[in-house]
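A.B. asks: Below you'll find the structure I mean.
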Protein chains: 2
Amino acid sequence: MTTSTALLTDRYELTMLAASLRDGTAFRPSVFELFSRRLSGGRRFGVVAGTGRFLELLREFRFGDDELRFLRDEHVVDATSLKHLEEYRFTGTIRGYREGELYFPGSPILTVEGTFADAVVLETLALSVLNHDSAVATAASRMSIAAGERPLAEMGSRRAAERSAVAAARAAYIAGFSATSNLEAGRSWGIPTMGTAAHSWTLLHDTEEEAFRAQVDSMGVGTTLLVDTYDIRNGVETAIRVAGTDLGGVRIDSGDLPIVAGDVRVQLDELGATSTRITVTSDLDEYAIAALAASPVDAYGVGTSVVTGSGYPTASMVYKLAARQDAAGAWIAVAKASADKASYGGRKAAFRTLVDGVATAETVVVSDGFEELDTPAEHPDGRPLQVTFVEAGDIDTAHEGTEGTAAARTHHLRVREELPVRALALSKSDPAIPTVYVEAD
Amino acid sequence: MTTSTALLTDRYELTMLAASLRDGTAFRPSVFELFSRRLSGGRRFGVVAGTGRFLELLREFRFGDDELRFLRDEHVVDATSLKHLEEYRFTGTIRGYREGELYFPGSPILTVEGTFADAVVLETLALSVLNHDSAVATAASRMSIAAGERPLAEMGSRRAAERSAVAAARAAYIAGFSATSNLEAGRSWGIPTMGTAAHSWTLLHDTEEEAFRAQVDSMGVGTTLLVDTYDIRNGVETAIRVAGTDLGGVRIDSGDLPIVAGDVRVQLDELGATSTRITVTSDLDEYAIAALAASPVDAYGVGTSVVTGSGYPTASMVYKLAARQDAAGAWIAVAKASADKASYGGRKAAFRTLVDGVATAETVVVSDGFEELDTPAEHPDGRPLQVTFVEAGDIDTAHEGTEGTAAARTHHLRVREELPVRALALSKSDPAIPTVYVEAD
C-alpha cells in the first residue's frame with residue numbers, strides 16, 4: 001500500500017482544478033467550510049473526531065510518480081495540472097473545532113483557507129475522515145454516558161473494514177471508551193487493549209474445564225473466562241472450581257442479559273467469588289447498556305453498534321465553498337441557493353455560550369467583511385471553539401499520535417460536562433442547544 | 001503506515017494462541033468457518049465480496065520487528081509466542097465462495113483449515129474485510145437490479161472512512177455498478193472513474209455561465225454540467241446556451257427528482273438537446289432508484305446509501321471453529337451449544353441446486369467423517385460453490401488485483417441470473433431460497 005493519500009479523492013476535485021488552472025480562477029483566495037446541517041438520528045449533540053487523523057493524512061497528501069502516472073494514463077487531467085499536482089503541498093490555513101469537541105447544526109467544524117486550487121482537493125479526504133470518525137464518536141459518547149462509571153471496551157473490529165476498525169477504536173476511545181480489542185489501535189494511538197478468549201478456545205478442548213485451566217495457567221487468575229459456550233451455570237461453577245475465588249472475571253456473550261447477569265452474580269457470590277467481575281458483550285448498544293444500569297454488571301464490551309455509529313454510520317458533514325475573492329480581490333460570501341439545502345456563506349467564528357457553566361447556545365459569528373476573526377481565550381460570546389491546526393501549510397503536531405488522541409479524550413470528557421441535563425437523554429430530539437447566527441460587528 | 005496487516009487483529013486471538021502453545025493444543029488440526037446465520041435487513045440474498053482483498057492482505061500478515069516490539073512492550077503474549085509469531089506464515093488451506101457469488105444463511109463462505117495456531121489469528125482480518133465488503137455489495141446489487149440497464153456510479157467516498165471508501169467502490173463495482181468517483185479505486189482495482197464538478201465550481205465564478213464555459217473549455221462539450229446551484233431551469237438554459245445541443249449531460253443533485261427530471265427532459269428536448277443525458281445524484285438508494293424507473297433519467301450517482309450498506313453497514317458473518325482433532329488425531333465436529341446461536345459443526349461442501357437454471361436451494365453437505373469433500377465441476381447436488389484460494393499456504397493470484405475484481409463482477413452478474421424472480425423484489429422477506437443441510441454419505 002502506498003503511503004500517499006492523494007488519490008483518496010473524488011475525481012471531480014481534480015477536473016475542477018484543471019478547469020480552474022485553465023480559466024485563471026485556481027488562485028482565487030477561498031474559504032471552504034466543513035459542517036453539518038443536522039444531527040443524524042435525532043441525536044442531541046455530535047462529537048467531532050478524526051481531526052488528528054486528518055492532519056496526519058494531510059502530511060502524506062502528495063502526488064508522487066505513481067499517482068501522477070495513473071492520472072496521466074487515465075487522462076484525468078492535462079499536462080498543466082499534472083505539473084501543478086507534482087508540486088502540490090497545502091500552503092493554506094486550517095482552523096476548526098478541537099477533536100473531542102461537541103458540535104451542532106451549522107458548527108464550523110473545519111475551515112480550510114487557501115487558494116481554490118489548494119483547498120478544493122482536500123474535500124474527500126477531510127469528509128471521509130471526519131464523517132466516519134465523528135459518527136462513531138457520537139454513538140460512543142452516548143454509550144459512555146449510559147454506562148456511567150462502568151468501563152466500556154470497544155470490540156467491533158470484525159464489523160468494520162480493516163482500517164476503519166482502527167479509526168473506530170480511536171474515535172470510541174476519544175468519546176469515553178476505556179479500551180479496545182484492536183491491537184493496531186493500541187500501537188498507533190496508545191489505546192489500552194484487552195481481550196482473553198473466544199468460544200473457539202473452549203471448543204478446541206475436550207472439556208470446558210481443560211480450556212479454563214489452560215487459560216488460567218497462561219494468563220493467571222486475574223483473567224476473564226468466557227462461560228457461555230455450553231451452559232452458563234455449569235460454566236461459572238467450573239470457572240471458580242478451576243481458578244478459585246480470586247478469578248478476575250467472567251464474560252457472558254449471549255442470553256437475556258439482565259436476568260443472566262443477576263443469576264451469575266448470585267452464583268458467584270454463593271461460591272465466594274464476590275470480587276469476580278461480570279463483563280457482558282452480547283449485541284450491546286446505548287439502549288441495552290442503559291437497560292442494564294440496575295443489573296450487577298461490572299463492564300461492557302461493545303462491538304457492531306459502536307463501529308457502525310449505532311444506526312448512523314456516517315455523519316452528514318459537507319465541505320462547501322463559503323467565500324472567495326473575485327477577480328478584483330474583493331471577498332464575496334457564497335452559498336448554494338436551493339431551498340432545501342440552506343447554507344450560510346461567509347467566514348465564521350464559533351463560541352459555546354455558557355450560563356453558570358451550562359451550555360445555552362452555539363453562537364456562530366458570520367463575517368461578510370473578512371476582517372480578522374479573533375478567537376481569544378476570553379470572549380463575551382462564550383468559550384471560543386476554534387483553534388488553528390495548520391498555519392501557512394505548517395501542521396501543528398499537538399493533535400497527532402498518542403498525545404493528540406489522549407488530549408482529545410480529555411477535552412471531550414471535559415466539555416461534555418457543560419451539556420444541559422436534557423442533552424444526556426437517549427431518545428430522539430432536537431439538538432440540545434440552538435445554533436444562533438450573529439452578524440459580525 | 002506499515003504494510004503489515006498482522007495487528008489488524010483482536011487481542012484475544014493472540015492470547016488464545018499463547019495459551020494453546022503452552023498447553024499443547026496449538027497444533028491440533030482445525031477447521032474454522034466463516035458464515036452468516038441470517039441475511040441482515042430481510043434481504044433476499046447476500047453477495048460475497050472482499051475475498052480478493054482478504055487474500056492480498058493475507059500476504060502481508062507477518063509479524064515484523066515493529067509488530068513484535070509492540071506485543072512485547074505491551075505484554076500481550078509471552079516470549080514463546082513472540083518466537084512463534086516471528087516465523088508465522090499461514091500454511092493451511094482456504095476454500096470458499098468465489099467473490100461475487102450469492103450467499104444465504106449458513107453458506108460456508110470461507111473455510112480456513114490448518115492448525116489452531118494457524119487459523120485462529122485470521123479471525124478479525126477475514127471478518128473485517130468480508131463483513132464490510134459484502135454489506136456494500138449486497139446493497140449495491142439491489143441498486144443495480146433497480147437501475148436495470150441504466151448506469152450506476154458510486155460516489156460515496158466522503159461518507160466512508162478513507163480506506164473503506166476504496167473497498168466500498170470495489171464492492172459496488174463487483175455488484176454491478178459501472179464506475180466510481182474514487183481515484184484510488186481506479187488505480188488499485190482498475191475501476192472506471194468519473195466526475196466533473198461540484199457546486200463550489202459554480203460558486204467560485206461570478207456567474208454560472210462563466211463556470212459552465214470554463215468547464216466546457218477544459219473538458220469538452222461531452223462533459224456533464226451541474227445545473228442546480230441556483231435555479232435549475234435557468235441552469236439548464238445556460239448550459240445549452242454555453243455548450244450547445246451536443247452537451248453530454250446535466251446533473252441534478254437536489255429537489256423532487258421524478259418531477260425535476262421530467263421537467264428538465266422536456267426543457268432539454270425543447271432546446272433541441274435531445275441526446276443530452278440526465279444524471280441524478282441526490283440521496284439515492286435502491287428504493288429511490290426504483291421510484292425513478294419511469295422517469296427520464298439516464299444515469300444514477302449513489303453516495304451514502306451504497307457505502308453504508310443502505311441501512312445495514314455490516315454483514316453479520318462470524319468465524320467459528322467447526323471441527324478439530326483431539327489429542328489422538330480423531331476429528332470432532334464442534335459448535336457452541338447456546339439455544340439462540342445454533343450452528344452446525346463439521347466440514348461442509350456447498351452447492352446451488354438449480355431446476356431449469358433457476359436456483360431452488362442452497363445445499364450444504366455436512367461431513368462428520370472428514371473424508372475429502374470433492375467440489376467437482378458437475379455434481380448431482382447442483383453447481384459447486386467453493387473453490388480453493390489457498391493450498392498449503394500458497395495463495396492463488398487469480399482472485400487479486402484488477403483481474404480478480406473484474407472476474408468477480410462477471411461472476412456476480414452471471415450467477416444473479418440464476419435467482420428466482422421473487423429474489424429481485426426490494427421489500428423485506430425471507431431468503432429467496434432455503435438452505436438445506438444434508439449429511440454426507
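A.B. asks: Could you tell me whether B:R59 is in contact with a helix residue (DSSP H, G or I) (Cβ under 9 Å, 6 or more places away or on another chain) and modelled with pLDDT of 95 or more?
C.D. replies: Spelling it out, it is not the case that B:R59 is in contact with a helix residue (DSSP H, G or I) (Cβ under 9 Å, 6 or more places away or on another chain) and modelled with pLDDT of 95 or more.
A.B. asks: If you don't mind, another one. Among the residues of segment B:311-323, what is the count of those that are surrounded by 23 or more Cβ atoms within 10 Å (Cβ to Cβ), touching a Lys or Arg at 6+ places or on another chain (Cβ under 7 Å) and not β-branched (V, I, T)?
C.D. replies: Adding up the residues that qualify gives 2.
A.B. asks: Please enumerate the residues belonging to segment B:29-73 that are of a type in the set (D, E, K, R), buried (at least 19 other Cβ atoms within 10 Å of the Cβ) and assigned to a loop (DSSP other than H, G, I, E, B).
C.D. replies: The answer is B:R43, B:R44.
A.B. asks: With the structure loaded, tell me whether B:A197 is crowded, with 23+ Cβ neighbours inside 10 Å, in contact with a His (Cβ under 8 Å, 6 or more places away or on another chain) and at the interface with chain A (Cβ under 10 Å from one of its Cβ atoms) or whether it fails that test.
C.D. replies: The answer is no for B:A197.
A.B. asks: Then there's this: What residue, of A:V358, A:V334, A:V365, A:V387, is under 27 Å from the mean Cα position of the chain (by Cα), among the hydrophobic types (A, V, I, L, M, F, W, C), within 20 Å of A:P105 (Cα to Cα) and at pLDDT below 95?
C.D. replies: Going through A:V358, A:V334, A:V365, A:V387 in turn, just one is under 27 Å from the mean Cα position of the chain (by Cα), among the hydrophobic types (A, V, I, L, M, F, W, C), within 20 Å of A:P105 (Cα to Cα) and at pLDDT below 95: A:V365.
A.B. asks: Are any of the residues in segment B:432-439 modelled with pLDDT under 95 and not aliphatic (A, V, I, L, M)?
C.D. replies: yes
A.B. asks: Only one of these is of a type in the set (A, V, I, L, M, F, W, C) and either assigned by TED's automatic domain parsing to the domain that holds A:T405 or surrounded by fewer than 24 Cβ atoms within 10 Å (Cβ to Cβ) (or both): A:A179, A:A161. Name it.
C.D. replies: Just a single option satisfies the conditions, and that option is A:A179.
A.B. asks: Separate question: Inspect segment B:225-248 for any residue being touching a residue at least 40 places away in the same chain (Cβ under 8 Å), in the same structural domain as B:S181 (by TED's automatic domain parsing) and part of a strand (DSSP E or B) and give the result as yes or no.
C.D. replies: no
A.B. asks: Which residue is farthest from the chain's Cα centre (by Cα), if the candidates are limited to segment A:18-45 and must be of a type in the set (A, V, I, L, M, F, W, C) and under 29 Å from A:Y103 (Cβ atoms)?
C.D. replies: Ranking the candidates gives A:V31 first.
A.B. asks: Just the residues that are surrounded by fewer than 24 Cβ atoms within 10 Å (Cβ to Cβ) and either more than 10 Å from chain B (Cβ to nearest Cβ) or under 20 Å from A:R265 (Cβ atoms) (or both), please, taken from segment A:200-228.
C.D. replies: A:T207, A:E208, A:E209, A:G220, A:V221, A:G222, A:T223 - these are the residues of segment A:200-228 that are surrounded by fewer than 24 Cβ atoms within 10 Å (Cβ to Cβ) and either more than 10 Å from chain B (Cβ to nearest Cβ) or under 20 Å from A:R265 (Cβ atoms) (or both).
A.B. asks: Next up: Where the second residue is surrounded by fewer than 24 Cβ atoms within 10 Å (Cβ to Cβ) and of a type outside the set (S, T, N, Q) and the first is facing chain B (nearest Cβ under 8 Å) and in a helix (DSSP H, G or I) and lies in segment A:295-320, which pairs have Cβ atoms under 8 Å and are six or more apart or on separate chains?
C.D. replies: Every condition considered, the pairs that remain are A:T304/A:D283.
A.B. asks: Could you say which residue among B:G309, B:G272 is touching a His at 6+ places or on another chain (Cβ under 9 Å) and on the phi > 0 side of the Ramachandran plot?
C.D. replies: Result: B:G309 is the single residue among B:G309, B:G272 that is touching a His at 6+ places or on another chain (Cβ under 9 Å) and on the phi > 0 side of the Ramachandran plot.
A.B. asks: Given the criterion touching a strand residue (DSSP E or B) at 6+ places or on another chain (Cβ under 9 Å), within 30 Å of A:A167 (Cβ to Cβ) and within 13 Å of chain B (Cβ to nearest Cβ), identify the matching residue among A:I232, A:I252.
C.D. replies: One residue alone meets the criteria, A:I252.
A.B. asks: For segment B:14-25, enumerate the residues that are crowded, with 22+ Cβ neighbours inside 10 Å and more than 8 Å from chain A (Cβ to nearest Cβ).
C.D. replies: B:L17
A.B. asks: Mind counting the residues in segment B:210-224 that are more than 38 Å from the chain's Cα centre (by Cα) and either assigned to a loop (DSSP other than H, G, I, E, B) or modelled with pLDDT under 95 (or both)?
C.D. replies: Residues flagged as more than 38 Å from the chain's Cα centre (by Cα) and either assigned to a loop (DSSP other than H, G, I, E, B) or modelled with pLDDT under 95 (or both) within segment B:210-224 amount to 0.
A.B. asks: In this structure, does A:T9 turn out to be within 11 Å of another protein chain (Cβ to nearest Cβ), at pLDDT 95 or above, in contact with a helix residue (DSSP H, G or I) (Cβ under 9 Å, 6 or more places away or on another chain) and within 26 Å of B:R159 (Cα to Cα)?
C.D. replies: Considered against the rule, which asks whether it is within 11 Å of another protein chain (Cβ to nearest Cβ), at pLDDT 95 or above, in contact with a helix residue (DSSP H, G or I) (Cβ under 9 Å, 6 or more places away or on another chain) and within 26 Å of B:R159 (Cα to Cα), A:T9 comes out as yes.
A.B. asks: Tally the residues that are of a type in the set (V, I, T), surrounded by 18 or more Cβ atoms within 10 Å (Cβ to Cβ) and within 21 Å of A:R38 (Cβ to Cβ), restricting the search to segment A:398-441.
C.D. replies: 2
A.B. asks: Another question, then. Please find, among B:T196, B:T207, the residue that is out of contact with any Pro (no Cβ under 9 Å at 6 or more places or on another chain), at pLDDT below 95 and among the polar types (S, T, N, Q).
C.D. replies: Only one candidate qualifies: B:T196.
The values are calculated or read from the model by the stated rules, or taken from the named source; none is laboratory data. What you see is a predicted model, and the numbers here were worked out from it, not measured in a lab. A quick note on method: Cβ atoms are made from the backbone with ideal geometry, for glycine too, and the neighbour counts reach across all protein chains shown.
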